[in-house]
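Below is one structure, written out as structure tokens; comments come after it.
Taken together, the values in this text are just the output of simple stated rules run on the coordinates, not laboratory data. Just so it is clear, the model here is predicted, and its values are computed rather than measured. Cβ: placed from backbone, ideal geometry, glycine included. Neighbour counts: every protein chain shown.
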Amino acid sequence: MARLLQNPRGTKDILPDEQKYWQYIFDIVKTQMGIFGAGRIETPIFEFAETYVRSIGKGTDIIDKEMFGVRRISNFESDNSNEEDSRIMVLRPEYTAGIMRSYIQNGMDNLPQPVKLWYFGPAFRYERPQAGRYRIHNQFGVEVIGDSDSLTDVAVIFLAIETLNKIGIKNIKIDINSIGCPICRPKMRKKQIEYFQNFLPDLCPDCNRRYVENPLRIFDCKETKCQRIISGAPPIIDMLCDNCKAHFKEVLENLDSLQVNYNLNPRLVRGLDYYTRTVFEFYLNDDDRNLALLGGGRYDALAPILGGKETPAIGWSAGVERIVSVLKEKEIPVLEEQMTDICLIQIGAKAKKVAFVLMKQLVAENLRVTNILGKESLKAQLRAVGKMGARIALIVGQRETMDKTAIFKDMDTGFQETVDQNKLIEFLKKKLK
């Protein structure tokens, strides 16, 4: 017997019974993004590694632990570039850098600004899988490119709140902070180096590496021993320049005017090099695990890193798998679109032939109809119709085959009526109104 094959570690099959959650989330996200005025964008699943190394920064967890599926471009096509990074391709670990690359490459800076874009799809991480963290994970999110106004920050945060609320997740805790701009950063770096140098023997190996490359990233560490040290570090918000202070003050004042509850977290940094000014994360308010559902921030410095001109931008992303787990755990009702209105039940070989002819006629009239295959008894077929959720069962047996009729059964009320097959289409259309 051949060895039983299984899916790769860190991946998950999304079975038919779970698809309703995914479709439910997608439909709500699509609607909310449409109301917001965003257009959907799809970027390639793999990109040049340089897209992420430049923008996210060497030494980050994404670059060091999550870059996945590295292949030399010579395996795909010839390339004359002399840069080592540009000859390597990786599966995308996140969306923002690729979307900004697309914005620059496709001349979207010539469109009316800001450009609002949304996405929904898979991203990849190579690090060791954990509970709820898969190597293939799905994200949805939004990017608003070309506007530096603090009101845009507020609009994007409010969109996140509304989207999660529409999905059914309403008990949300929001952490928010400002991590400044290139003008503030030298002062921040100096202060953090002065503080953390006294604790290097006690910090984890990752934080010792971050201390050299970018001490602000130490704030993103989840290790308990590092968190104790981080709690005493000088707050970033105290080192903002005047412009960043004014921007953040306006963000908070406008959130207050919308009666949005938030927690000012002076040690929230989001851990990626391209972030500037406003950063935020959303959590379940009643969850002791402190697992983020959604996170994002402003990234005004990203476009120049990728070869474009200075372009302000802000966005967020959310994890689909994590939101699905919340919907299940909290037993939040999920509305499932009914794809079939009518289901044909056939009893006997002759009835099956007649039923297929009837189904062809109904499909031609744009009626949503299917049939039950693999079950012979009336009881079993009716049970299957109930699970399917069809509103109407049409029963064709030996007598109906001879009489050229069909039995109409309303699955909600149980009402039954015999209908001439020649009048069936008109009859069904009236019933479905």
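Sort 115-121, 412-418, 145-151 for me by packing, meaning the mean count of neighbouring Cβ atoms within 10 Å per residue, highest on top. Walk me through the numbers on the way to the answer.
On the way: 115-121: 21.0, 412-418: 9.1, 145-151: 17.7.
Per-residue Cβ counts within 10 Å, averaged per peptide and sorted highest first, yield 115-121, 145-151, 412-418.
Each label was represented as a point 7 Å from its Cα along the Cα-to-Cβ direction; for Asp403 and Glu18 these points are 4.8 nm apart.
From largest to smallest, what semi-axes in whole angstrom does the stretch 213-317 give when each is the square root of 5 times an eigenvalue of its alpha carbon gyration tensor?
On the way: eigenvalues 102, 73, 47 Å².
Those come to 23, 19, 15 Å.
Database remark: amide H of Leu293 closer than 5 angstrom to the amide H of Phe282, Tyr283, Leu284 (H placed geometrically; neighbours at sequence offset of 5 or more, or on other chains; Pro and chain starts carry no H). Scattering from the stretch 92-249 was approximated by placing one identical point on each alpha carbon and applying the Debye formula without solvent; log10 I(q)/I(0) at 0.13, 0.19, 0.20 1/Å stands at -0.93, -1.37, -1.34.
Across the stretch 224-230, rounded Karplus estimates of 3J(HN,Hα) from the backbone phi angles (6.51 cos²θ - 1.76 cosθ + 1.60, θ = phi - 60°) give 4, 5, 6, 4, 5, 6, 4 Hz, Gly and Pro being marked x. Taking the longest Cα principal axis of the chain as reference, the axis of helix 16-36 is set at about 60 degrees. Can you list the lysines whose alpha carbon is less than 23 Å from that of Lys116, not counting same-chain residues fewer than 8 positions off? By straight Cα distance, Lys116 reaches Lys30, Lys166, Lys309.
How much of the DSSP bridge set in the stretch 342-432 is antiparallel, in percent, rounded to the nearest 5? Walk me through the numbers before you get to the answer.
On the way: 9 of 17 bridges.
That works out to approximately 55 percent antiparallel.
A straight Cα-to-Cα reach below 25 Å connects Lys222 with the lysines Lys58, Lys65, Lys173, Lys187, Lys190, Lys191, residues fewer than 8 places away in its own chain not being considered. The phi-based Karplus calculation (6.51 cos²θ - 1.76 cosθ + 1.60; θ = phi - 60°) puts the 3J(HN,Hα) values of the stretch 352-364 at 4, 5, 5, 5, 5, 5, 4, 4, 4, 5, 5, 4, 4 Hz, whole numbers, x for Gly and Pro.
Percent antiparallel among DSSP beta bridges with both residues in the chain, to the nearest 5? Each step should come with its number before you reach the end.
On the way: 51 of 63 bridges.
Approximately 80 percent, going by the DSSP bridge assignments.
Work out the P(r) tail for the stretch 236-293: percent of alpha carbon pairs separated by more than 15 Å, whole number. Don't skip to the end; give the middle numbers.
Values: 980 of 1653 pairs.
So the pairs more than 15 Å apart make up 59 percent of the total in the stretch 236-293.
Starting from the Kirkwood Rh over alpha-carbon pairs, what translational D in µm² s⁻¹ does the chain have by Stokes-Einstein at 37 °C and 0.692 mPa s? Here the translational diffusion coefficient equals 130 µm²/s.
Selection among Leu378, Ile392, Leu428 by position relative to the dipole of the stretch 342-432 gives Leu378 as farthest towards the positive end (Cβ unit charges, Cα centre). Hydrodynamic radius of the stretch 247-404 by the Kirkwood approach over all distinct alpha-carbon pairs: 21.4 Å. Distances between placed amide hydrogens fall under 5 Å for Asn371 paired with Leu344, all partners being 5 or more residues away or on another chain.
Helix-only arithmetic for the chain: the sum of -39500 (n - 2.57) across DSSP H runs with n ≥ 4, divided by the residue total, places the mean residue ellipticity at 222 nm at -11000 deg cm²/dmol. Once you divide the Cα radius of gyration of the stretch 95-172 by 2.2 N^0.38 Å, the number left is 1.34. Within straight-line reach of Lys433, meaning a Cα separation under 17 Å, sit the following lysines at least 8 residues removed in sequence or on another chain: Lys409, Lys423. Size descriptors for the stretch 342-432, from the alpha-carbon set: Rg then Dmax equal 11.7, 30 Å.
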